[in-house]
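**Q** First, the structure itself, so that you have it in front of you.
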Amino acid sequence: MLVAPAGLAAGCTSSTSGLVDHPAGSSSLAHVGDTLDLKTGSGRPFQLTVTQVVDPAKGSGSSPASGRRYVAVLLQFSNTASHELSGNANADADLVASGGRTYVPAHVTLKDCGSALPQYQAAPGKTTNSCVAFEVGKSADITKVQFYPAAGAATDYGEWLVP
């Protein structure tokens, strides 16, 4: 089991579909545990940390399809704006495997997420946690976690390398 805590790179979530097209913007590349300054679709600032990637992760009442595994990505949002921050990380996050295949969230509940859900909400000056579940090929070598605010509608995005 790979558990990438703060300070290491990480990533997780699932999809049997192929590629996701996101806007070309100025990306910041980081490692698990690093915090990136990002902006929402309306330009409001926030900070995002990929705190941990659990690979493989355990399903809560479900199992991955044959030949697949679950991955959990734990996120921490810090609201640095003067307005409430809210969203659904299932619309914003994806995983990239070696070779460029992109996996989108699986919409399953994982034990490794604890009480953290994909939905997040934070008042100004506050932080909140979120978790995104992915289902990837059993032999997929996950290399990045990507986060595109506002489901890719923002001009900003972040990438975290997975060891």
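The values are calculated or read from the model by the stated rules, or taken from the named source; none is laboratory data. Quick caveat: nothing in here was measured; it's all calculated off a predicted structure. FYI the Cβ positions are ideal-geometry reconstructions off the backbone, even for glycines, and counts take in every protein chain you see.
**Q** If you take the residues in the range 141-154 that are buried (at least 17 other Cβ atoms within 10 Å of the Cβ) and either without any contact (Cβ under 8 Å) to a residue 60 or more places away in the chain or not hydrophobic (A, V, I, L, M, F, W, C) (or both), which one is farthest from Ala93 (Cα to Cα)?
**A** Here the answer is Thr143.
**Q** Would you say Lys39 is under 23 Å from Thr127 (Cβ atoms), among the basic types (Lys, Arg) and either touching a strand residue (DSSP E or B) at 6+ places or on another chain (Cβ under 9 Å) or at pLDDT 90 or above (or both)?
**A** Yes.
**Q** Which residues, counting only those in the range 62-94, are in a strand (DSSP E or B) and among the charged types (D, E, K, R)?
**A** Within the range 62-94, Arg68, Arg69, Asp94 qualify.
**Q** Given (1) within 12 Å of Ser130 (Cβ to Cβ); (2) in contact with a Cys (Cβ under 7 Å, 6 or more places away or on another chain), where does Val71 come up short, assuming only one miss?
**A** (1)
**Q** Let me ask something additional. Within the range 95-150, track down each residue that is of a type in the set (Gly, Ala, Ser), assigned to a loop (DSSP other than H, G, I, E, B) and more than 12 Å from the chain's Cα centre (by Cα).
**A** Ser98, Gly99, Gly100, Gly114, Ser115, Ala116, Ala123, Gly125, Ser139, Ala140
**Q** Ala133 versus (1) free of Cβ contacts under 8 Å to residues at least 24 places away in the same chain; (2) crowded, with 21+ Cβ neighbours inside 10 Å: which is the lone unmet condition?
**A** With (1) free of Cβ contacts under 8 Å to residues at least 24 places away in the same chain; (2) crowded, with 21+ Cβ neighbours inside 10 Å applied to Ala133, the lone miss is (1).
**Q** Quick check, is Ser17 surrounded by fewer than 17 Cβ atoms within 10 Å (Cβ to Cβ), modelled with pLDDT of 90 or more and part of a loop (DSSP other than H, G, I, E, B)?
**A** Considered against the rule, which asks whether it is surrounded by fewer than 17 Cβ atoms within 10 Å (Cβ to Cβ), modelled with pLDDT of 90 or more and part of a loop (DSSP other than H, G, I, E, B), Ser17 comes out as no.
**Q** Please pick out the residue among Asp112, Asp156 that is acidic (Asp, Glu) and at pLDDT 95 or above.
**A** Values: Asp156 fails: at pLDDT 95 or above.
Only one candidate passes the filter, namely Asp112.
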